[in-house]
């Protein structure tokens with residue numbers, strides 16, 4: 001519990017409307033997008049000026065009070081989960097777009113600006129900001145930087161780290177640093193890459209310069225159906241090795257197709273085991289050539305049905321099903337748990353097969369939507385939180401999936417971040433030496449460990465406990481697989 | 001690898017990491033005994049359908065690019081080669097990218113994973129072999145461009161790109177200010193640009209993409225086709241073009257692309273759509289650096305010249321503090337490429 005003295009001092013820094021203390025006021029901040037984890041914050045600070053942020057940071061440093069940063073709270077790994085005794089510092093009031101320079105193709109924004117708002121403001125210049133996480137209508141750019149957010153267009157356009165030029169941050173020492181620049185590089189170490197995706201553990205962002213790209217002249221979407229998931233997976237590899245770099249390349253399995261079709265009537269073929277959505281973009285001519293090549297490859301890969309969207313309306317319809325896949329699957333069960341592992345694409349058939357077996361073992365259905373182009377799986381585990389033991393079961397099922405991803409040479413998180421959710425699986429992906437290096441990096445910026453404590457990097461002690469619990473009778477899970 | 005680890009563990013003297021040795025000219029100072037990593041070479045895995053290649057860092061770039069070419073793929077950052085022996089590790093340690101950089105990304109943008117030996121000889125594996133991976137701090141990209149001061153790079157995984165079907169280089173006669181304006185305006189339009197440069201009254205523009213796309217873009221933009229475009233960009237990339245010859249110091253100026261022409265003594269060559277400018281000059285660092293800083297850029301004494309002026313742009317004290325801490329973390333004894341980036345680093 002935070003001390004009354006600190007509350008009093010916060011009251012001296014912030015006007016009353018910027019500080020939430022009453023139970024009913026702080027309760028809405030108990031969770032982020034990962035609602036399975038919640039903890040009521042002691043106090044929520046909503047500063048309006050950088051001076052207020054600096055004063056709060058100075059106070060927390062002096063009194064050794066932890067701080068948890070928060071944007072719109074749409075994160076899905078519990079990165080903004082309140083910590084006992086900490087100040088929850090929400091940056092959402094810093095919501096101004098400071099400048100858009102169409103010739104330089106740069107937008108300078110405050111961290112609380114919504115992702116989509118940047119593209120909307122750039123639209124009159126036929127420019128846009130490329131990373132488009134599915135929460136883009138609500139999520140903030142500051143949160144995107146903290147999580148290195150992705151979206152459905154990462155294969156061609158990259159993640160947040162590829163699309164920002166510089167950040168101005170405040171460290172726990174109260175130092176303001178400008179990292180990166182509006183040139184294409186900056187002298188010294190690449191601290192911009194280090195800070196991007198650091199989950200609020202190293203510094204707080206005050207301002208961000210993002211790259212804007214020209215809107216493609218044309219986009220086109222091709223939908224293909226397959227009678228076997230494996231064929232769909234092979235088609236993805238064939239498209240890419242065939243020389244096409246699609247803007248988006250999404251796959252859905254049967255359960256996801258059925259749910260999406262029932263929800264949004266996108267016209268998906270219900271007899272398919274898997275569908276692929278292939279979006280190509282570029283100039284008129286480029287798109288025409290790419291669509292022809294994609295269709296040929298899909299046909300050669302054994303697609304049972306191939307449709308090219310006739311017009312923009314049909315393109316939207318094709319996408320509507322995919323974009324609504326999460327809420328659609330949400331109707332199948334009281335709750336779902338979304339995972340975020342990545343794998344080399346060639347491992348897809350083996351991973352899906354094992355996932356089906358695990359689904360039977362745990363007696364929990366799983367629907368799969370998959371950023372197939374970049375190997376990012378989003379299995380949605382269906383469960384009922386009101387049934388005792390079901391959440392624990394879903395959590396174990398999820399952990400098994402992530403560990404299988406690592407065993408296949410992949411990662412426990414492609415774009416959602418580690419947060420609190422995947423902290424144990426970090427022990428599986430990394431060895432003690434790497435985890436120690438991560439703690440070392442943290443200590444370079446935050447020696448007292450005040451920023452978002454307990455997130456993103458597990459203690460070695462925790463890993464030892466997890467390992468002891470997890471290596472059942474001396475056997476690693478999936479012993480048949482080579483380890484990377 | 002074990003021999004390398006052993007050498008790092010047992011040395012009491014600074015070590016100078018070296019593979020092909022083609023970039024000995026680069027950096028502040030070359031101190032220490034040579035730690036030869038050229039034998040640590042070979043492609044570890046490559047599957048065109050995954051768009052990912054993993055290679056040991058002593059592997060020559062030429063070997064990697066030949067293999068990719070056979071499968072219609074390429075390194076998207078078009079790294080320069082300063083000799084046939086240029087290695088993957090040296091390229092990533094220097095963070096060098098070529099003409100395609102403003103349009104497809106830099107060396108660090110394509111890095112997916114990195115294995116290093118830190119200053120105690122410890123083998124650390126960061127990142128991975130998949131395109132999306134946000135587990136742990138991004139230490140792989142931190143190593144890129146760190147000039148080997150944070151660790152000996154031993155293996156890297158990179159994202160690769162499909163090669164464009166066709167390429168065409170166009171030439172336009174225009175003055176510097178007009179060229180800068182056009183390069184920036186065109187970069188804001190959906191055109192298949194992949195390189196741009198200006199020198200002595202001529203703007204050079206490379207288009208890459210599907211056959212029809214390149215043809216249509218040429219029709220829109222006009223310009224005279226360059227008969228030896230491929231060779232032109234290669235000479236520029238590898239600093240073999242005539243501009244780079246001669247005994248004058250060569251400065252690399254990195255700055256916001258829209259910065260108007262820089263009035264500095266000497267001759268200039270503009271690349272990267274205006275964001276990178278090369279300067280052959282006798283002008284003093286004290287003249288050059290303030291001009292760059294005022295434009296939001298920085299200047300590197302790239303080759304030739306008196307290095308005591310400082311090869312790299314000095315960092316603000318607050319930033320230097322975090323650099324020093326990171327250096328101490330990864331190389332507590334300060335033995336790896338000491339002095340190559342900043343004095344005492």
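The values are calculated or read from the model by the stated rules, or taken from the named source; none is laboratory data. Keep in mind that what you see is a predicted model, and the values were worked out from it rather than measured. Glycine also receives a Cβ, built like all others from the backbone with ideal geometry; neighbour counts cover every protein chain displayed.
Tell me whether segment A:174-186 contains one or more residues that are in contact with a helix residue (DSSP H, G or I) (Cβ under 6 Å, 6 or more places away or on another chain), assigned to a loop (DSSP other than H, G, I, E, B), at the interface with chain B (Cβ under 10 Å from one of its Cβ atoms) and surrounded by 24 or more Cβ atoms within 10 Å (Cβ to Cβ). Within segment A:174-186 (the criterion being in contact with a helix residue (DSSP H, G or I) (Cβ under 6 Å, 6 or more places away or on another chain), assigned to a loop (DSSP other than H, G, I, E, B), at the interface with chain B (Cβ under 10 Å from one of its Cβ atoms) and surrounded by 24 or more Cβ atoms within 10 Å (Cβ to Cβ)), the answer is no, since none of the residues qualifies. Out of A:393, A:353, A:346, A:422, one residue alone is within 10 Å of another protein chain (Cβ to nearest Cβ) and in a helix (DSSP H, G or I). It is A:346. For segment B:267-289, a residue qualifies if it is farther than 21 Å from residue B:25 by Cβ and over 22 Å from the mean Cα position of the chain (by Cα), and the qualifying residues are B:286, B:287.
For (1) buried (at least 24 other Cβ atoms within 10 Å of the Cβ); (2) touching a helix residue (DSSP H, G or I) at 6+ places or on another chain (Cβ under 6 Å); (3) more than 14 Å from every other protein chain (Cβ to nearest Cβ); (4) assigned to a helix (DSSP H, G or I), each residue gets a yes or a no:
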| position | (1), (2), (3), (4) |
| --- | --- |
| A:81 | yes, no, yes, no |
| A:92 | no, no, yes, no |
| A:111 | yes, yes, yes, no |
| A:131 | yes, yes, no, no |
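Residues are listed down the side, and each one gets a yes or a no for (1) assigned to a helix (DSSP H, G or I); (2) under 15 Å from the mean Cα position of the chain (by Cα); (3) within 11 Å of chain B (Cβ to nearest Cβ):
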site	(1), (2), (3)
A:136	no, yes, no
A:142	yes, yes, no
A:150	no, yes, yes
A:155	yes, yes, yes
A:166	no, no, yes
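Number of residues in segment A:439-456 that are on the phi > 0 side of the Ramachandran plot and more than 10 Å from chain B (Cβ to nearest Cβ) equals 3. Counted as qualifying within segment B:44-136 are the helices (runs of 4 or more DSSP H) with 3 or more residues that are touching a helix residue (DSSP H, G or I) at 6+ places or on another chain (Cβ under 7 Å), namely B:88-94, B:107-110. Residue B:47 meets all of the listed conditions (1) at the interface with another protein chain (Cβ under 10 Å from one of its Cβ atoms); (2) at pLDDT 95 or above but one, namely (2).
Exactly one residue among B:333, B:338 is assigned to a loop (DSSP other than H, G, I, E, B), over 18 Å from the mean Cα position of the chain (by Cα), crowded, with 22+ Cβ neighbours inside 10 Å and away from chain A (no Cβ under 13 Å), and that residue is B:338. Where strands (runs of 3 or more DSSP E) sit wholly within segment B:152-262, those with at least 2 residues that are within 14 Å of chain A (Cβ to nearest Cβ) and under 24 Å from residue A:183 (Cα atoms) occupy B:152-159, B:193-199, B:202-209, B:250-254.
Of all residues in segment B:120-141, those that are more than 7 Å from chain A (Cβ to nearest Cβ) and buried (at least 24 other Cβ atoms within 10 Å of the Cβ) have Cβ atoms under 6 Å from Cβ atoms of residues that are outside any loop (DSSP other than H, G, I, E, B) and at pLDDT 95 or above, 6 or more apart or on another chain, in B:140/B:111; B:140/B:113; B:140/B:114; B:140/B:126; B:140/B:127. Taken over segment A:429-438, residues that are surrounded by fewer than 22 Cβ atoms within 10 Å (Cβ to Cβ) and either more than 10 Å from chain B (Cβ to nearest Cβ) or without any contact (Cβ under 8 Å) to a residue 12 or more places away in the chain (or both) amount to 4. What residue, among those in segment B:297-310 that are in contact with a strand residue (DSSP E or B) (Cβ under 9 Å, 6 or more places away or on another chain) and outside any strand (DSSP E or B), is surrounded by the most Cβ atoms within 10 Å (Cβ to Cβ)? Here the answer is B:297.
Counting only residues that are over 17 Å from residue B:179 (Cβ atoms) and either at the interface with chain A (Cβ under 10 Å from one of its Cβ atoms) or not in a loop (DSSP other than H, G, I, E, B) (or both), segment B:273-289 holds 6 of them.
When segment B:315-328 is filtered for residues that are in contact (Cβ under 8 Å) with a residue 24 or more places away in the chain and assigned to a helix (DSSP H, G or I), the ones remaining, listed by number, are B:326, B:327.
Return yes or no: is residue A:342 more than 19 Å from the chain's Cα centre (by Cα) and at pLDDT 90 or above? Criteria not met by residue A:342. Confirm whether residue B:270 is within 14 Å of chain A (Cβ to nearest Cβ), touching a residue at least 12 places away in the same chain (Cβ under 8 Å) and outside any helix (DSSP H, G or I). For residue B:270, the condition - within 14 Å of chain A (Cβ to nearest Cβ), touching a residue at least 12 places away in the same chain (Cβ under 8 Å) and outside any helix (DSSP H, G or I) - is met. If you go through segment B:88-103 and keep only what is facing another protein chain (nearest Cβ under 10 Å) and surrounded by 24 or more Cβ atoms within 10 Å (Cβ to Cβ), you end up with B:97, B:101. Residues in segment B:290-309 that are within 14 Å of another protein chain (Cβ to nearest Cβ) and more than 18 Å from residue B:26 (Cβ to Cβ): B:291, B:292, B:293, B:294, B:295, B:296, B:297. Restricting B:44, B:37 to residues that are buried (at least 22 other Cβ atoms within 10 Å of the Cβ) and more than 23 Å from residue B:194 (Cα to Cα) narrows the list to B:37. Looking across segment A:358-375, not a single residue is more than 14 Å from every other protein chain (Cβ to nearest Cβ), under 23 Å from the mean Cα position of the chain (by Cα) and over 17 Å from residue A:256 (Cα atoms).
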